[in-house]
Amino acid sequence: MNAVIFDIDGTLLQSASVDDDLYKMAVRAVFGHVQFRPSLSDYDFVTDSGILSQVLRDNAIPVEPDQTSSIKSAFVASLKQHIRENGAFPEVSGAKRYFEALCHSKDHAVAIATGGWRESAELKLRAAQFSLDGVPIATSDTEYDRSRIMLTALSALEASFDSITYYGDGTWDRDACLELGWNFIPVGPTLAGLTSYSDEYVD
């Protein structure tokens, strides 16, 4: 049995840049014109909760218990509006077919590990008509560290595996796989990864 775990933005969906912009807008809708670091890779934990924690610290903003829920609400509302106005985020070429083939394979177990929050993750995938029945989704609602999110996804599969493979588009995905000793398959231009899943196959 082989475990295959996917990131979402930039990996299954062509949503990374818009997601990043809407996230920043949501944070500023709650806190005003806060400063962000120049690049996502400048943050220690590239997850919605990890970035938020560091943005608050960078801008000397006291942490309040209801801040995260306010930002989540603003973020999800902006995503829903974007989808209403522009349609679902397009899949990375061939991603849905490959994802569903793995889900139906007797030799593979599939999960999702995303640095995003659960509500926004499910919204984007369901809008793009990905079938999520029986697929565990680990998010930054419960962990801020990507490696821990990935381990949460793996543990939700409740089995032992001959191999563990993670598909991701960021340097933080690659680094987490190195830390965990997982196979890593890069997706997208940042890591000169695959741009289509058409050549990926299910044994």
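The values are calculated or read from the model by the stated rules, or taken from the named source; none is laboratory data. Here the structure is a predicted model, which is why all the values come from computation and not from measurement. Cβ sites come from the backbone with ideal geometry, for glycine too, and all protein chains shown count toward neighbours.
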## Note on the structure
Among Leu132, Leu154, Leu123, Leu178, the single one that is over 14 Å from Thr47 (Cα atoms) and in contact (Cβ under 8 Å) with a residue 60 or more places away in the chain is Leu154
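State whether one or more residues within segment 100-110 are surrounded by fewer than 17 Cβ atoms within 10 Å (Cβ to Cβ), assigned to a helix (DSSP H, G or I) and modelled with pLDDT of 95 or more. Give the steps one after another, and end with the answer.
So the first thing to find is which residues in segment 100-110 are surrounded by fewer than 17 Cβ atoms within 10 Å (Cβ to Cβ), and the list is 100-101, 104-107.
Imposing the further condition that a residue be assigned to a helix (DSSP H, G or I) reduces the set to 100-101.
Imposing the further condition that a residue be modelled with pLDDT of 95 or more reduces the set to 100-101.
The answer is yes; a qualifying residue exists.
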### Message
Checking the structure you have, find out if any residue of segment 18-33 is touching an Asp or Glu at 6+ places or on another chain (Cβ under 7 Å), assigned to a helix (DSSP H, G or I), in contact (Cβ under 8 Å) with a residue 40 or more places away in the chain and aliphatic (A, V, I, L, M).
### Response
no
### Task
Could you give me the residue pairs with C-beta distances under 8 Å whose first residue belongs to segment 83-107 and is in contact (Cβ under 8 Å) with a residue 12 or more places away in the chain, whose second residue is among the small types (Gly, Ala, Ser) and surrounded by fewer than 15 Cβ atoms within 10 Å (Cβ to Cβ) wherever it lies, and which are 6+ apart or on separate chains?
Val92/Ser196; Ser93/Ser196; Ser93/Ser198; Gly94/Ser196; Gly94/Ser198; Glu100/Ser131; Cys103/Ser131; Cys103/Gly134
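If you scan segment 72-92, which residues turn out to be farther than 17 Å from Ser17 by Cβ and surrounded by 14 or more Cβ atoms within 10 Å (Cβ to Cβ)? Before the answer, list the steps.
Step one: list which residues in segment 72-92 are farther than 17 Å from Ser17 by Cβ, which gives 72-74, 76-77, 80, 84.
Matches in segment 72-92: Lys72, Ser73, Ala74, Val76.
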### Message
Can you find, within segment 19-66, the residue that is farthest from Thr142 (Cα to Cα) among those that are touching a Leu at 6+ places or on another chain (Cβ under 9 Å) and surrounded by fewer than 17 Cβ atoms within 10 Å (Cβ to Cβ)?
### Response
Val34
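For residues that are of a type in the set (Ser, Thr, Tyr), assigned to a helix (DSSP H, G or I) and touching a helix residue (DSSP H, G or I) at 6+ places or on another chain (Cβ under 7 Å), tally how many sit in segment 120-172. Reasoning before the result, please.
Narrowing segment 120-172 to residues of a type in the set (Ser, Thr, Tyr): 120, 131, 139-140, 142, 144, 147, 152, 155, 160, 163, 165-167, 171.
After this cut, where a residue has to be assigned to a helix (DSSP H, G or I) as well, the list is 120, 147, 152, 155, 171.
Checking the rest, the ones that are also touching a helix residue (DSSP H, G or I) at 6+ places or on another chain (Cβ under 7 Å) come to 120, 147, 171.
Matching residues across segment 120-172 total 3.
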### Query
When you go through (1) loosely packed, with under 13 Cβ neighbours inside 10 Å; (2) at pLDDT below 95; (3) part of a loop (DSSP other than H, G, I, E, B) one by one for Ser69, which number turns out not to apply?
(3)
